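Peer 1: Mind looking over this structure? Questions follow.
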Amino acid sequence: MDDELRERVEAAAEAAALFNALKHDGDPDVGAIMGPLMGENPAFRPHGDAIPGVVAPVVNDVAGMAESERRERLAAVAPERLAELDADDEADEHVLPDLPNAEEGAVVMRAAPNPNGPWHIGHARMPAVIGTYKERYDGAFICRFDDTDPETKRPDLDAYDAILEDIEYLGFEPDRVIRASDRLETYYDHARELIDRGGAYTCDLPAAEFSELKNAGEPSPNRNTDPDTVREEFEAMVDGEYDAGGMTLRVKTDIEHPNPALRDWVAFRMIDTPHPRETAADYRCWPMLDFQSGIDDHLTGVTHIIRGIDLQDSAKRQRFVYDYFDWEYPEVLHWGHVQLDEYDVDLSTSTIKALIDAGELAGWDDPHAPTIRSVRRRGIRGAALVDSMTELGMSTSDVDLAMSSVYANNRDRVDDDANRYFLVRDREDDPAVELPVVDDASAPDAGHPPRHPDHPDRGDRTIPAGRVVVESSDLPPAGERVWLKGFGCVRHDGDALAFLDADINVVREGDVNVVHWVPVDESLRTLLRTVEGNVRGYAEPAVAAVDVDTVVQFERVGFVRLDTFDAAATDEPDGPDGDEDLVAYYAHP
């Protein structure tokens, strides 16, 4: 390497190391900057073996600088990179708008899931945004299970823990976890007080009859029942003396309100279906969500509520109760629904559950399911999902979440850690092909591709040559050459691959294509589960030494999470048939 080139390498390395250190608020790493450095400077590539030795001293110098020195030096050598860094910081800081009337250390927000099943991907938006605001304002994050509907949105006992696991996977921990079904007596006490304040009355009209009166702006004949009778009838509700639908407790609002949905709405109703939780199974008088949620928001000190734009009436209903109690209503922000591309399954807990019950999905973590459990099993990190959700902002319009955004965020997080391996796919329209490698005794016994192109310190893999498997689409016409990565240049002779040489210059000059390959005898029979369907193939033998739950990259295929070795037969649709050596879940390209 001549002096001029060395100076160019040192200058580029210094800018890259300074940028890396400031971006990640830590010391720079040679491996982390080698990839971008080589990618942005094609002239450096022929000297790849010598570059790390030039870069290392520069990185060490930057590691010894204070942050202020790094910023000052980057401003001098690459001011455009400092501007890029500051622009990124500003963008990150303002992805979500500031909360109205928010005080540092005093913000309390809540996620209020109905535990009728594990979460689909759209559910991730609420904890992602609340958790982000909690960190911004040093506030509190409450998870309150709104499980007071044992009939139409019947709780799933497994969902409570499953949802808390999903929140943990996203990188957050609630400061407090509440189950509304534990708090029936609290709601009864507030109903009694509301009755005493003249804000509620018992009503025995059938729902259809009341609805007819309400829509006409006319009151129920029960509306002016004296408080003692109302109190007596409510106690009878609490004691379970009425049949389902036989009596309700209604909040007295404005029977002529322009919005009929706000007129004397139901606060409590009778339900015969027992709650699945034993501690709540004996209750039959259940609060409606707007009453229960409104009471709990006040009692737990919630300062800011985020809810869907379709729930604007909830805040208006609850304000009547707050006015009776002379409480201050929290700040409310509304947003539109999240719509998701890529999946052909609705973002609906009930729809997903029905597909599981019908055997069309293997479970909540099936790769075809648009669920948090599914993307977790595929090896996508929770932080990548959080990044994509917060990037959607707080629009009141429906927003589209492109899974490509999640994949891009995840790629940034896993690429540096994910070692590389080969997988030869055996597809119906592109079957795998077995061919011997023929040589004149000059060919190596094995290929030795690197575990990671940016981390030479991780060493190489060993892939035995001899008889190999390649994808048929990777084979050139007979008589043409191809480069088996990590091994060398071969010529396709029709029934064999003839070794030619290992001169990498033919690749650098663009004369041959580079393909992946595996040995016939020692490869792992692999089932790759994807959103689109299952793909079978053969993974290189080195994968057998990798731990389950590790994310790796199958070169030219994509990032995957290793799920199971020596898979046993299962009842999963299109799942392993019992003879797989490896089951892996596809994350993304």
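Peer 1: Of the conditions (1) in the same structural domain as SER523 (by TED's automatic domain parsing); (2) on the phi > 0 side of the Ramachandran plot, PRO444 satisfies every one except a single condition; which number is it?
Peer 2: Result: PRO444 passes all but (2).
Peer 1: From the list SER374, SER405, SER395, SER388, which one is touching a strand residue (DSSP E or B) at 6+ places or on another chain (Cβ under 7 Å) and assigned to a helix (DSSP H, G or I)? First the steps, then the outcome.
Peer 2: Values: SER374 fails: touching a strand residue (DSSP E or B) at 6+ places or on another chain (Cβ under 7 Å); SER405 fails: touching a strand residue (DSSP E or B) at 6+ places or on another chain (Cβ under 7 Å); SER395 fails: assigned to a helix (DSSP H, G or I).
So the residue among SER374, SER405, SER395, SER388 that is touching a strand residue (DSSP E or B) at 6+ places or on another chain (Cβ under 7 Å) and assigned to a helix (DSSP H, G or I) is SER388.
Peer 1: Anything in the range 486-524 that is charged (D, E, K, R) and over 18 Å from GLY466 (Cα atoms)? List them, or say none. Break it down stepwise before answering.
Peer 2: Applying the first criterion (charged (D, E, K, R)) to the range 486-524 yields 491, 493, 495, 501, 503, 508-509, 511, 521-522.
Passing the criteria: ASP503, ARG508, GLU509, ASP511.
Peer 1: State whether the residues of the range 175-184 include one that is outside any helix (DSSP H, G or I), acidic (Asp, Glu) and in contact (Cβ under 8 Å) with a residue 60 or more places away in the chain. Quick ask: steps written out before the conclusion?
Peer 2: First pass over the range 175-184, keeping only residues outside any helix (DSSP H, G or I): 175-179, 183.
Checking which are acidic (Asp, Glu) leaves us with 175.
Then drop every residue that is not in contact (Cβ under 8 Å) with a residue 60 or more places away in the chain, which leaves none.
The answer is no, given that none of the residues of the range 175-184 is outside any helix (DSSP H, G or I), acidic (Asp, Glu) and in contact (Cβ under 8 Å) with a residue 60 or more places away in the chain.
Peer 1: From the residues in the range 26-46 that are touching a residue at least 24 places away in the same chain (Cβ under 8 Å) and part of a loop (DSSP other than H, G, I, E, B), which one is farthest from MET65 (Cα to Cα)?
Peer 2: Out of the qualifying residues, it is ASN41.
To keep it simple, each residue is scored yes or no on (1) within 22 Å of THR148 (Cβ to Cβ); (2) free of Cβ contacts under 8 Å to residues at least 12 places away in the same chain; (3) assigned by TED's automatic domain parsing to the domain that holds ARG381.
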site	(1), (2), (3)
GLU165	no, yes, yes
ILE195	yes, no, no
TYR201	yes, no, no
ALA216	no, yes, no
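Peer 1: Moving to a separate point now. Consider only pairs whose beta carbons are under 7 Å apart and that are at least six residues apart or on different chains; among these, list those whose first residue lies in the range 354-372 and is outside the structural domain of TYR407 (by TED's automatic domain parsing) and whose second residue is assigned to a loop (DSSP other than H, G, I, E, B) and at pLDDT 95 or above.
Peer 2: So the pair list comes out empty.
Peer 1: Now for a separate question. Tell me, yes or no, whether the range 114-131 has at least one residue that is under 26 Å from ALA16 (Cβ atoms), in a helix (DSSP H, G or I) and of a type in the set (A, V, I, L, M).
Peer 2: Residues of the range 114-131 under 26 Å from ALA16 (Cβ atoms): none.
Checking the range 114-131: not a single residue is under 26 Å from ALA16 (Cβ atoms), in a helix (DSSP H, G or I) and of a type in the set (A, V, I, L, M).
Peer 1: Still on this structure: Output the number of residues of the range 47-71 satisfying the condition of being part of a loop (DSSP other than H, G, I, E, B) and more than 15 Å from ASP3 (Cβ to Cβ).
Peer 2: Residues of the range 47-71 that are part of a loop (DSSP other than H, G, I, E, B), as a first pass: 48-50, 64-66.
Next, only the ones that are more than 15 Å from ASP3 (Cβ to Cβ) stay: 48-49, 64-66.
Going through the range 47-71 one residue at a time, the tally reaches 5.
Peer 1: Hey, another quick one. I'm trying to understand the selection: among the residues of the range 289-323, which are of a type in the set (A, V, I, L, M, F, W, C) and in contact (Cβ under 8 Å) with a residue 40 or more places away in the chain?
Peer 2: Correct list: LEU289, PHE291, ILE295, LEU299, VAL302, ILE305, ILE306, ILE309, PHE320, VAL321.
Peer 1: Which members of the range 239-269 meet the condition of being under 17 Å from TYR188 (Cβ atoms) and buried (at least 19 other Cβ atoms within 10 Å of the Cβ)? Steps first, answer last, please.
Peer 2: Filtering the range 239-269 for residues under 17 Å from TYR188 (Cβ atoms) gives 239-242, 247-251, 266-269.
Passing the criteria: MET247, THR248, LEU249, ARG250, VAL251, ALA267, PHE268, ARG269.
Peer 1: Yes or no: the range 480-489 includes at least one residue that is out of contact with any Gly (no Cβ under 8 Å at 6 or more places or on another chain), farther than 20 Å from ARG556 by Cα and either at pLDDT below 90 or among the basic types (Lys, Arg) (or both).
Peer 2: No; the residues of the range 480-489 include none that is out of contact with any Gly (no Cβ under 8 Å at 6 or more places or on another chain), farther than 20 Å from ARG556 by Cα and either at pLDDT below 90 or among the basic types (Lys, Arg) (or both).
Peer 1: Condition test on LEU347, is it among the hydrophobic types (A, V, I, L, M, F, W, C), in contact with a strand residue (DSSP E or B) (Cβ under 7 Å, 6 or more places away or on another chain), modelled with pLDDT under 95 and in a loop (DSSP other than H, G, I, E, B)? Please lay out each step first, then the result.
Peer 2: Details: among the hydrophobic types (A, V, I, L, M, F, W, C): yes; in contact with a strand residue (DSSP E or B) (Cβ under 7 Å, 6 or more places away or on another chain): yes; modelled with pLDDT under 95: yes; in a loop (DSSP other than H, G, I, E, B): yes.
Criteria met by LEU347.
Peer 1: Please go through the range 525-539 and pick out each residue that is closer than 17 Å to VAL468 by Cα and of a type outside the set (S, T, N, Q).
Peer 2: Residues of the range 525-539 that are closer than 17 Å to VAL468 by Cα, as a first pass: 525-526, 536-539.
ARG525, ARG536, GLY537, TYR538, ALA539, listed by residue number.
Peer 1: Please specify each residue of the range 392-425 satisfying the condition of being touching an Asp or Glu at 6+ places or on another chain (Cβ under 8 Å) and among the acidic types (Asp, Glu).
Peer 2: Answer for the range 392-425, where residues must be touching an Asp or Glu at 6+ places or on another chain (Cβ under 8 Å) and among the acidic types (Asp, Glu): ASP400, ASP416.
Peer 1: I'd like the residue in the range 408-432 that is in contact with a strand residue (DSSP E or B) (Cβ under 9 Å, 6 or more places away or on another chain) and more than 15 Å from PHE559 (Cα to Cα) and, out of all such residues, is surrounded by the most Cβ atoms within 10 Å (Cβ to Cβ).
Peer 2: Only one residue tops the list, namely ALA432.
The values are calculated or read from the model by the stated rules, or taken from the named source; none is laboratory data. Predicted model only: the values in this text are computed from it and were never measured. Glycine also receives a Cβ, built like all others from the backbone with ideal geometry; neighbour counts cover every protein chain displayed.
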